[in-house]
Amino acid sequence: MAGKLMRAVQYNKYGGGAAGLKHVEVPVPTPRKDEILLKLEATSINPIDWKVQKGLLRPFLPRKIPHIPGTDVAGEVLEVGPGVRNFKIGDKVVAKISVAVGGGLAEFAVAKESLTVARPPEVSAVEGAALPVAGLTAYQALTQPAGIKLDGSDMQANILITAASGGVGHLAVQLAKLGNTHVTATCGARNIEFVKSLGADEVLDYRTPEGAALKSPSGRKYDAVIHCATGILWSTFHPNLSENGKVIDITPGANTMLKFAVKKVTCSKKQLIPLLLSPKTENLEYLVKLVKEGKLKPVIDSQHPLSNAEDAWAKSISGRATGKIIVEP
Ligand SMILES: NC(=O)c1ccc[n+]([C@@H]2O[C@H](COP(=O)([O-])OP(=O)(O)OC[C@H]3O[C@@H](n4cnc5c(N)ncnc54)[C@H](OP(=O)(O)O)[C@@H]3O)[C@@H](O)[C@H]2O)c1
């Protein structure tokens, strides 16, 4: 593929939102020793993509500008680097590309073998691309800080999942219900039936006073909160937590980091825990297997052609997605 050009969508400076995206023709990337070149079939958008464009992680991310965003991809293997052992040309795969490097909003992209997994025919490319960031974050939050065993072998735990209609939340509800959990969820009124259909035991509309107070309708106290929304104060969580209840904040800002430190120092029983995704291949394999077995169903908010990636970008920035937003080359 050396020298061949491909269509891609990139930004040339920080800021600008959807209007800052530019359609370009750039050389097809060449895989390095431990990399795989993919002909992309689907890419999902995550809020981190446009937050990086906004400059929230400046000067660390992205690694360089112009930058082609997009980290969660499904595609077919076209070339493998000389060190690649587990994949061959023609394999269908799902991969998580580093957010620093990106490349998903294009016809072709390179992914590290170490964060690439096989995609069986039972899992569509769109479902596969929906999984990496959202699925791995939901999985990590539930199994690590919250300590939920997804084989159901635990004592029952009461879990609250905020923004349960979003990319992370809708997968978190389904994963939580594989464990022995009672799930309370929050979402907007239009998504209440949707979130119930995912398995949530009780659902609160976050725009009502009861929803804003996060009170379980059945009077439960939460052992863990998978906090996928933003802007909820600790004072709102605190009265709703069990004695050793934990809030796992997946969008931690300075306030969360400070509270986390104070609670550690003061040995507080109720904890606020910041979570940053640390992606693991075996966990992505597990999620793909669950989808194959029909135990996890990524729900797609909307699908957009690469030629209209701006619409996908704007939808994600709006914060109104129900499930995952997909771009297809
Ligand atoms: N730590 C990490 O590594 C990591 C990984 C992944 C994501 N994240 C972060 O986690 C957050 C969620 O990501 P996502 O992909 O799930 O976002 P998303 O798909 O954009 O979430 C959108 C959904 O959230 C709902 N929502 C918004 N505010 C709400 C509230 N206060 N209460 C209940 N529901 C609310 C919206 O419902 P309505 O349309 O009805 O308002 C919409 O359905 C983002 O801030 C993202 O950056 C962090």
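The values are calculated or read from the model by the stated rules, or taken from the named source; none is laboratory data. Here the structure is a predicted model, which means the values were calculated and not measured. We place every Cβ from the backbone using ideal geometry, glycine too, and count neighbours over all the protein chains shown.
Couple of notes before you dig in:
- Val73 being touching an Asp or Glu at 6+ places or on another chain (Cβ under 7 Å), of a type outside the set (Asp, Glu), closer than 19 Å to Thr116 by Cα and surrounded by 14 or more Cβ atoms within 10 Å (Cβ to Cβ): no
- The criterion of at least 1 residues that are of a type in the set (D, E, K, R) and modelled with pLDDT of 95 or more is met, among helices (runs of 4 or more DSSP H) falling completely within the range 254-329, by 281-292, 309-318.
- Residue in the range 167-186 that is among the basic types (Lys, Arg), more than 14 Å from the ligand (Cβ to nearest atom) and touching a residue at least 60 places away in the same chain (Cβ under 8 Å) present: no
- Residue in the range 251-271 that is within 16 Å of the ligand (Cβ to nearest atom), within 16 Å of the chain's Cα centre (by Cα) and within 25 Å of Lys177 (Cβ to Cβ) present: yes
- Selection count, the range 83-102, where residues are closer than 13 Å to Thr281 by Cα, among the β-branched types (Val, Ile, Thr) and not in a strand (DSSP E or B): 1
- Scanning the range 81-113 for residues being among the hydrophobic types (A, V, I, L, M, F, W, C) and more than 19 Å from His304 (Cα to Cα) gives a total of 11.
- Annotation note: of Ala172, Ala157, the sole residue that is modelled with pLDDT of 95 or more, small (Gly, Ala, Ser) and more than 22 Å from the chain's Cα centre (by Cα) is Ala157.
- Selection within the range 104-149 - away from the ligand (no atom under 16 Å from the Cβ), among the hydrophobic types (A, V, I, L, M, F, W, C) and closer than 19 Å to Lys289 by Cα: Val117, Ala118, Val123, Ala125, Ile148
- Residue list for the range 300-329, filter: among the aliphatic types (A, V, I, L, M), crowded, with 22+ Cβ neighbours inside 10 Å and closer than 13 Å to Glu127 by Cα: Ile325, Ile326, Val327
- Residues within the range 30-46 that are part of a strand (DSSP E or B) and of a type outside the set (Gly, Ala, Ser), tallied: 9
- Filter result (in contact with a strand residue (DSSP E or B) (Cβ under 8 Å, 6 or more places away or on another chain), in a loop (DSSP other than H, G, I, E, B) and surrounded by 13 or more Cβ atoms within 10 Å (Cβ to Cβ)) within the range 49-70: Pro66, Ile68, Pro69, Gly70
- For Lys297: the one exception among (1) within 15 Å of the ligand (Cβ to nearest atom); (2) surrounded by fewer than 21 Cβ atoms within 10 Å (Cβ to Cβ); (3) not aromatic (Phe, Trp, Tyr): (1)
- Test result for Gly166, surrounded by fewer than 19 Cβ atoms within 10 Å (Cβ to Cβ), of a type outside the set (Asp, Glu) and either in contact with a strand residue (DSSP E or B) (Cβ under 7 Å, 6 or more places away or on another chain) or under 18 Å from Leu276 (Cβ atoms) (or both): no
- Selection status of Ala200, more than 10 Å from the ligand (Cβ to nearest atom), of a type outside the set (Ser, Thr, Tyr) and in contact (Cβ under 8 Å) with a residue 12 or more places away in the chain: yes
- Candidates are the residues of the range 310-329 that are within 16 Å of the ligand (Cβ to nearest atom) and touching a Leu at 6+ places or on another chain (Cβ under 8 Å); the one that is farthest from Pro132 (Cα to Cα) is Trp313.
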